[in-house]
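Each remark here refers to the structure printed beneath this line.
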Amino acid sequence: MAVDISGKTFDPRHNYSELVSMQGRVVSDTPLNEGAAIVDRRFRAETIDLAGFCGYPAHLPDSFRIEISGGELLIHPGRYYVDGLLAENFGAGEHSFYLPLEELNSTEPLTFQSQPFLPIVEPLELDDGRYLVFLDVWKRPVTFLEAPELIDPAIGVDTSARIQTVWQVKLFAVDDGVTCSTEDEDIDDWLEFTLPSGARLTSRANPASAVDDPCLLPPEGGYRGLENRTYMVAIHDINEDGDALIKWSRVNGAFAGRILAQPANNTLTLEQVAKDDYLRFNAGDWAEITDDVRVLEGNPGTMVRVLSVDDASNTIVLEAPLAAGEIMLVPASTAADQSVHPILRRWDQSGIVLDTDGNEIVNLDAAGSDGLIPAPEGVFIALEDGVEIAITLDDEGLYHSVITGALLPVMPTALLKNWMKRRRRHSIITSVV
């Protein structure tokens, strides 16, 4: 959740039911965000309790119904609930006013390739065969970098972010023997494909950490920073040994800049390289190039290292040239394609990374480094100022670096049957073609 917040304090085990503001008090983001989380959790729990883990409104029986017409897979408009999350398909074509909810929608179905949250840069060929078609639903944060309209026109800055419910209808190839009555466990690789992440993060302030410099705080354990920080630790990939490769940020991954152009293969022009002396890019920083396509496809971005920064021109020179196509450009120009919202996000890992016992894990300054930290399971890794983290796996769990899913266009010939049921965050539509 890469948004600029002071922290996350919501814990449903406190049984708080609402946020109460008090007169004459300073308003901060943390309790307001906790209040929103309380309401969100209540709505989701109530939906699950009353409607079940998966379902659609009785008065909208065609919600997300799959149809094949003219060689295309169509997704009918409507609403569908998955683990309490509401996925809404507002339809295609001309929209009309719907009075009960005071909104615009349509009864015309969407084609597979026109889904709003499933970017398909180049249509792919789909082989003849059988496919399980499923609905994937999750939430993602959206800031002014992904939605420029979030900048307040009166003051020229962003004042808030949004949480967006994302849905994608996807396909999963199955064997010829699979039918609509086949149990999940009998579909090859399906249970592994839908298995949620088994990664668990443990954080602590090292009780044994010490500082030898007499000019710093006394040599004792605990957090040694002087300001509030919101740390984010994210799994970027998995190495050959099966260990998670992690990146971390002391500002919740919130500092990033919109990429405007790529004037050279090792140079990027940003909308802004610095907000102040703290939130800025500096020489030696590790950063990640990403965009909507990679985020919505569930793919990590590309890690790069900053060689130099020119504040006057908002230009960043990278240590190594980028591969062709790394940034989607407007044809016949060096301008970045703003329709996919390309950004450069700063991460804060650097130098020699140690475990809690002082053993070197990796040197991020070494030649050939990719800027990522291998995280052996259960080993506490020192981030900075006494902050340590460890990653473990639940039994039979897997690391998930990103949300995964098949990305295929649809050109099937016949649809025999549709059915839906719950699979964690997945509402599954099984179609045999």
Consider only pairs whose beta carbons are under 6 Å apart and that are at least six residues apart or on different chains; among these, list those whose first residue lies in segment 37-52 and is without any contact (Cβ under 8 Å) to a residue 60 or more places away in the chain and whose second residue is not hydrophobic (A, V, I, L, M, F, W, C).
Ile38/Tyr16; Arg41/Pro12; Arg44/Gly84; Thr47/Tyr81; Thr47/Gly84; Ile48/Gly84; Ala51/Tyr81
Between a residue in segment 262-281 that is over 14 Å from Val306 (Cα atoms) and any residue that is among the basic types (Lys, Arg), which pairs come within a Cβ distance under 8 Å, given they are 6 or more apart or on different chains?
Glu271/Arg258; Gln272/Arg258
Quick check on segment 147-186: of everything there that is under 28 Å from Ile259 (Cβ atoms), in a helix (DSSP H, G or I) and not aliphatic (A, V, I, L, M), which residue is farthest from the chain's Cα centre (by Cα)?
Glu149
For segment 231-247, pairs from a residue that is touching a residue at least 12 places away in the same chain (Cβ under 8 Å) to a residue that is surrounded by 19 or more Cβ atoms within 10 Å (Cβ to Cβ) and among the basic types (Lys, Arg), with Cβ under 8 Å and 6 or more apart or across chains, are Tyr231/Arg250; Val233/Lys247; Ala234/Lys247; His236/Lys247
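Quick grid of which residues meet (1) over 21 Å from Arg162 (Cα atoms); (2) not in a helix (DSSP H, G or I); (3) not polar (S, T, N, Q):
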site: Val3; (1), (2), (3): no, yes, yes
site: Leu19; (1), (2), (3): no, yes, yes
site: Met22; (1), (2), (3): yes, yes, yes
site: Val26; (1), (2), (3): yes, yes, yes
site: Pro31; (1), (2), (3): no, no, yes
site: Ala37; (1), (2), (3): no, no, yes
site: Ser63; (1), (2), (3): yes, yes, no
site: Leu73; (1), (2), (3): yes, yes, yes
What number of residues in segment 366-400 are assigned to a strand (DSSP E or B) and surrounded by fewer than 16 Cβ atoms within 10 Å (Cβ to Cβ)?
2
Looking at Tyr16, Tyr80, which one is at pLDDT 95 or above and either touching a His at 6+ places or on another chain (Cβ under 9 Å) or assigned by TED's automatic domain parsing to the domain that holds Thr107 (or both)?
Tyr80
Quick one: count up the residues across segment 73-110 that are surrounded by 16 or more Cβ atoms within 10 Å (Cβ to Cβ) and more than 22 Å from Lys139 (Cα to Cα).
5
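The values are calculated or read from the model by the stated rules, or taken from the named source; none is laboratory data. Just so it is clear, the model here is predicted, and its values are computed rather than measured. We place every Cβ from the backbone using ideal geometry, glycine too, and count neighbours over all the protein chains shown.
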